[in-house]
Amino acid sequence: MNKFSQKILLLVLLVLSPVIMFSEEYNISLGQMPVYAVSEKEGVLIDLVNAMAEETGDKFNIKVLPFASSVYLVKKQMRDFHLPLIKNDLVDENKLPFYYSKETQFHVNFVIYSKKDTNLDLSNLSKYNIETDRAHVEYFPFKTIPSN
């Protein structure tokens, strides 16, 4: 390498070193769900995380996993953060094994799918066998059946 090339390389390193020195790398897991996190390359949350990476200069390693697996990995400190997470008013936030953002990113609707001829008593859902994603079981004030 000639002297001119060495000087150019040194200049490039000096210019880029603050970016390299201060950028972080994060391992992120996203709960798999249609539209929001379909795969590591597709979804509204993928676009959000990629925009965050671009804005901060940080590197985000994205994994899309079933909700329960994604949250579990954050609890075990094997991933840096999980999206999305619904605030659970049934659990004392001081007892959570992680922090969560208090900023609303978007709203999620929980809906009930039932047989057409079933007349549900919405004021007493605990009398029914209700199945939900295993990551959401603790969000209900009554027993639910976990599924994958």
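The values are calculated or read from the model by the stated rules, or taken from the named source; none is laboratory data. Please read all numbers here as calculations on a predicted model, not as lab measurements. Cβ coordinates were reconstructed from backbone atoms using ideal geometry, including for glycine residues, and neighbour counts include every protein chain displayed.
General remarks:
- A count restricted to the stretch 112-148 and to residues that are of a type outside the set (D, E) and in a loop (DSSP other than H, G, I, E, B) stands at 17.
- For the stretch 76-106, filtered to residues that are among the acidic types (D, E) and part of a loop (DSSP other than H, G, I, E, B), the residue that is surrounded by the most Cβ atoms within 10 Å (Cβ to Cβ) is D80.
- Filter result for N109 (out of contact with any helix residue (DSSP H, G or I) (no Cβ under 6 Å at 6 or more places or on another chain) and either assigned to a loop (DSSP other than H, G, I, E, B) or closer than 27 Å to I62 by Cα (or both)): yes
- Of all residues in the stretch 31-62 being outside any helix (DSSP H, G or I) and crowded, with 17+ Cβ neighbours inside 10 Å, the one that is modelled with the highest pLDDT: I62
- Given (1) within 21 Å of S29 (Cα to Cα); (2) at pLDDT 90 or above, number of the condition Y100 does not satisfy: (2)
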